[in-house]
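Trainee: Next up is a structure, given as structure tokens.
The values are calculated or read from the model by the stated rules, or taken from the named source; none is laboratory data. As the structure is a prediction and not an experimental result, all values here were calculated from the model. Cβ placement follows ideal geometry from the backbone for every residue including glycine, while neighbour counts extend to all protein chains displayed.
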């Protein structure tokens, strides 16, 4: 029998795996219908699963999208991930450091906060 903390960490890993697979259905299966999605500390970016889905449908079109987990800590119903996310920025491909804070309730992500560092563009081949 798994512990509540193990279940919470497992949920966040499933969400990251679905993000990296760009599988919107598996990704959204991790989020509560009434979830809130913030830019840290309190700028609301999406309210409800429909708005979270809309944000990610477009993001999942990026060909090089990938979140690499650096470190994960969990206490109670909160999981904090440090990640490096590869993205397609308007100026080209690159990466960004991200701290993601997830609050879990009833087995789903109920709240999430994201703090992004500055983006770093990848050097162009042959440049």
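Trainee: For the range 22-41, enumerate the residues that are closer than 20 Å to residue 115 by Cα and assigned to a strand (DSSP E or B).
Mentor: 31, 35, 36, 37, 38, 39
Trainee: Output the residues belonging to the range 84-115 that are assigned to a strand (DSSP E or B) and either more than 16 Å from the chain's Cα centre (by Cα) or free of Cβ contacts under 8 Å to residues at least 24 places away in the same chain (or both).
Mentor: Those that are assigned to a strand (DSSP E or B) and either more than 16 Å from the chain's Cα centre (by Cα) or free of Cβ contacts under 8 Å to residues at least 24 places away in the same chain (or both): 84, 85, 86, 89, 92, 93, 94, 97, 100, 105.
Trainee: Sticking with this one: With the structure loaded, tell me whether residue 79 is in contact with a strand residue (DSSP E or B) (Cβ under 7 Å, 6 or more places away or on another chain) and in contact (Cβ under 8 Å) with a residue 60 or more places away in the chain or whether it fails that test.
Mentor: Details: in contact with a strand residue (DSSP E or B) (Cβ under 7 Å, 6 or more places away or on another chain): yes; in contact (Cβ under 8 Å) with a residue 60 or more places away in the chain: yes.
It is true that residue 79 is in contact with a strand residue (DSSP E or B) (Cβ under 7 Å, 6 or more places away or on another chain) and in contact (Cβ under 8 Å) with a residue 60 or more places away in the chain.
Trainee: Can you pull out the residues in the range 42-51 that are within 18 Å of residue 115 (Cβ to Cβ) and touching a strand residue (DSSP E or B) at 6+ places or on another chain (Cβ under 7 Å)? Break it down into steps so the answer makes sense when it comes.
Mentor: Keep residues of the range 42-51 that are within 18 Å of residue 115 (Cβ to Cβ), which gives 42-46.
Matches in the range 42-51: 44, 45, 46.
Trainee: Out of the residues in the range 54-70 that are part of a loop (DSSP other than H, G, I, E, B) and surrounded by 12 or more Cβ atoms within 10 Å (Cβ to Cβ), which is modelled with the lowest pLDDT?
Mentor: 62
Trainee: What's the number of the only condition in (1) within 18 Å of residue 6 (Cα to Cα); (2) surrounded by 13 or more Cβ atoms within 10 Å (Cβ to Cβ); (3) under 14 Å from the mean Cα position of the chain (by Cα) that residue 77 fails to meet?
Mentor: Evaluating residue 77 over (1) within 18 Å of residue 6 (Cα to Cα); (2) surrounded by 13 or more Cβ atoms within 10 Å (Cβ to Cβ); (3) under 14 Å from the mean Cα position of the chain (by Cα) leaves (3) as the failure.
Trainee: Can you find a residue in the range 89-108 that is over 20 Å from residue 11 (Cα atoms), surrounded by fewer than 17 Cβ atoms within 10 Å (Cβ to Cβ) and in contact with a helix residue (DSSP H, G or I) (Cβ under 8 Å, 6 or more places away or on another chain)?
Mentor: no
Trainee: Every residue in the range 21-45 that is closer than 18 Å to residue 99 by Cβ, surrounded by fewer than 18 Cβ atoms within 10 Å (Cβ to Cβ) and under 12 Å from the mean Cα position of the chain (by Cα), please.
Mentor: Matches in the range 21-45: 38, 39.
Trainee: Residue check: is residue 19 closer than 19 Å to residue 77 by Cα and in contact with a helix residue (DSSP H, G or I) (Cβ under 7 Å, 6 or more places away or on another chain)? Write out each step before concluding.
Mentor: On the way: closer than 19 Å to residue 77 by Cα: no; in contact with a helix residue (DSSP H, G or I) (Cβ under 7 Å, 6 or more places away or on another chain): yes.
No.
Trainee: Continuing with this model, one more query. Could you say whether any residue in the range 68-79 is within 22 Å of residue 119 (Cβ to Cβ) and in contact with a helix residue (DSSP H, G or I) (Cβ under 6 Å, 6 or more places away or on another chain)?
Mentor: no
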